Structures are given as structure tokens and as C-alpha cells.
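Participant: Structure in C-alpha cells, see below.
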Amino acid sequence: MNRIFSALVAGMIFGLGIAISGMGNPAKVLNFFDPLGTWDASLAFVMGGALVTTAIGYRVIFGQRKIPLFDKKFHLPTARVIDAKLIGGSALFGVGWGISGFCPGGAIPALGFAPWPTALFLISMGGGILIARWLQALPRRQTI
């Protein structure tokens, strides 16, 4: 129960940060990608603040704890290879973010600001995830 509660609190803090920073507004995000028009640098400051906070948090947590408070172990990525799936997924994420102005994590708090466009984005994203999982489950052909 503590694990679920801590995830809920972390999600609420994240959502509050998205709301306060204005990053739930897709127009604000899209303005960052328009350097020759209505450019808005606030996204860079939000991301920079998140990076600094994360770097400090990782240093403190991993320097003091062997295991997390509410789980048996830390769940960290183990992959060290930059492959086509990573590059393709990153590119697809960036293109989707640039077109829609929604980041998957920032879209959930945005449901309160623009319910229909945000819901359409989340449904589309969910469909894309299901299609990707289906494609990954298909048997692979062996090439000689």
C-alpha cells in the first residue's frame, strides 16, 4: 500500500509541477519549437530545472540507500545499447510531441485544461502503444 501511495504522491507532485509551469498547455510547448515565430524558452527552463532536481535526487538517494523505501529493489534500466528501436522510438516520441504539443506525462494533468483534445491524444497514444506491442509479439523471420 505504501508503494501505491508513494506513486500517487509522486504523480500528484509531477502533475502540480506541469500545471504550475504551464506545460499542460500544448500551445506553450509548440511555441518552444518555433524559434523564428512565437518562441517561448520556458520549456528549456522547466526541463533544466527537472534535470538539476533529478541529478541531485539520484545522488542523494543512491548515495544513502541500498533499497528504496517502498520496494524490494530499485528498478533501473539495464540496456546499454543504442539500437534502431531506441532511436526510432525517440524520433517518434519527438515527432509526436512536436506535432501535438503533448508529452505523455504532461497530457494527463492537461485533461483538466482541454479535455477533448487531450483525451484524443491519450487514446491515440494508447492505440499506438497497443499496435507497437502487437508488432513486437509477431514472430521474427530469420535472415541468412
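Participant: Determine, yes or no, whether residue 115 is within 24 Å of residue 14 (Cβ to Cβ), surrounded by 10 or more Cβ atoms within 10 Å (Cβ to Cβ) and either of a type in the set (Ser, Thr, Tyr) or in contact (Cβ under 8 Å) with a residue 12 or more places away in the chain (or both).
Facilitator: Answer is no for this residue.
Residues are listed down the side, and each one gets a yes or a no for (1) of a type in the set (A, V, I, L, M); (2) part of a helix (DSSP H, G or I):
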site	(1), (2)
4	yes, yes
11	no, yes
15	no, yes
23	yes, no
44	yes, yes
59	no, yes
72	no, no
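Participant: Same structure again: Looking at the structure I just gave you, is residue 40 at pLDDT 90 or above, on the phi < 0 side of the Ramachandran plot, surrounded by 10 or more Cβ atoms within 10 Å (Cβ to Cβ) and not in a helix (DSSP H, G or I)?
Facilitator: Judged against the criteria, residue 40 is a match.
Participant: Kindly indicate which of 94, 24 is within 30 Å of residue 127 (Cβ to Cβ) and in contact (Cβ under 8 Å) with a residue 24 or more places away in the chain.
Facilitator: 24
Participant: Hey, can you tell me all the residues within region 52-83 that are among the polar types (S, T, N, Q) and surrounded by fewer than 10 Cβ atoms within 10 Å (Cβ to Cβ)?
Facilitator: The answer is 64, 78.
Participant: Looking only at residues in region 84-112 that are in a loop (DSSP other than H, G, I, E, B) and small (Gly, Ala, Ser), which one is surrounded by the most Cβ atoms within 10 Å (Cβ to Cβ)?
Facilitator: The selected residue is 101.
Participant: Evaluate region 127-139: report whether one residue or more is in a loop (DSSP other than H, G, I, E, B) and farther than 29 Å from residue 23 by Cα.
Facilitator: yes
The values are calculated or read from the model by the stated rules, or taken from the named source; none is laboratory data. All of these numbers come straight from a predicted model, not from anything done at the bench. Here the Cβ is made from the backbone with ideal geometry for all residues, glycine too, and neighbour counts use every protein chain on show.
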